[in-house]
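Remarks on the structure that follows.
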Amino acid sequence: REVPFPGGDYTDWPPIPLLAVQGARDAIVPVAAVDEMVAEATPPAYYLRFPEGDHETALDGETGDLTDETVLAFLDAYLGDDPRPLAAIPDRVDDSGIATFRGPRNAPR
């Protein structure tokens, strides 16, 4: 999503990796805006979503642990050149039963 900065140029964006984390019951950051941002992002874009989560849920308890693990795996893949932890995240999220995870088709392997 373009931010209205005067003189900004939004053409030809490079593929900057994105990880969005959102609680589906967030009353502060509009959920639809995050959904749209991820859908329109230049790949690679990942989305960790907590259906029962609010604005702060992703930072506490079991959800916080899953958020931490996902963020670290994302950083390992794109900054540490080790895609293995990120490749394991979809199964880890599925096993948790507390979140959903979407990633690009061109995710690092």
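Side notes on the structure shown:
- Taking residues in region 79-103 that are within 18 Å of D35 (Cα to Cα), and partners anywhere that are assigned to a helix (DSSP H, G or I) and open to solvent by 40 Å² or more (accessible area, probe 1.4 Å), the pairs with Cβ atoms closer than 6 Å and at least 6 places apart or on different chains are F101/P90.
- Within region 82-109, considering residues that are in a loop (DSSP other than H, G, I, E, B) and open to solvent by 50 Å² or more (accessible area, probe 1.4 Å), the one modelled with the highest pLDDT: G97
- Scanning region 62-81 for residues that are under 11 Å from F50 (Cβ atoms) and exposed (fewer than 15 other Cβ atoms within 10 Å of the Cβ) returns E62, G64.
- Total residues in region 30-61 satisfying the condition of being open to solvent by 40 Å² or more (accessible area, probe 1.4 Å) and within 19 Å of I98 (Cβ to Cβ): the figure is 10.
- Of residues in region 56-85 being in contact with a Leu (Cβ under 9 Å, 6 or more places away or on another chain) and of a type in the set (A, V, I, L, M, F, W, C), the one farthest from R25 (Cα to Cα): A77
The values are calculated or read from the model by the stated rules, or taken from the named source; none is laboratory data. Given the structure is predicted, the values throughout are model-derived calculations rather than measurements. Reconstructed Cβ throughout: ideal geometry from the backbone, glycine too, with neighbour counts over all protein chains shown. Heavy atoms of the whole protein, side chains included, go into the accessibility calculation; ligands, DNA and RNA do not. Shrake-Rupley method; radii C 1.70, N 1.55, O 1.52, S 1.80 Å.
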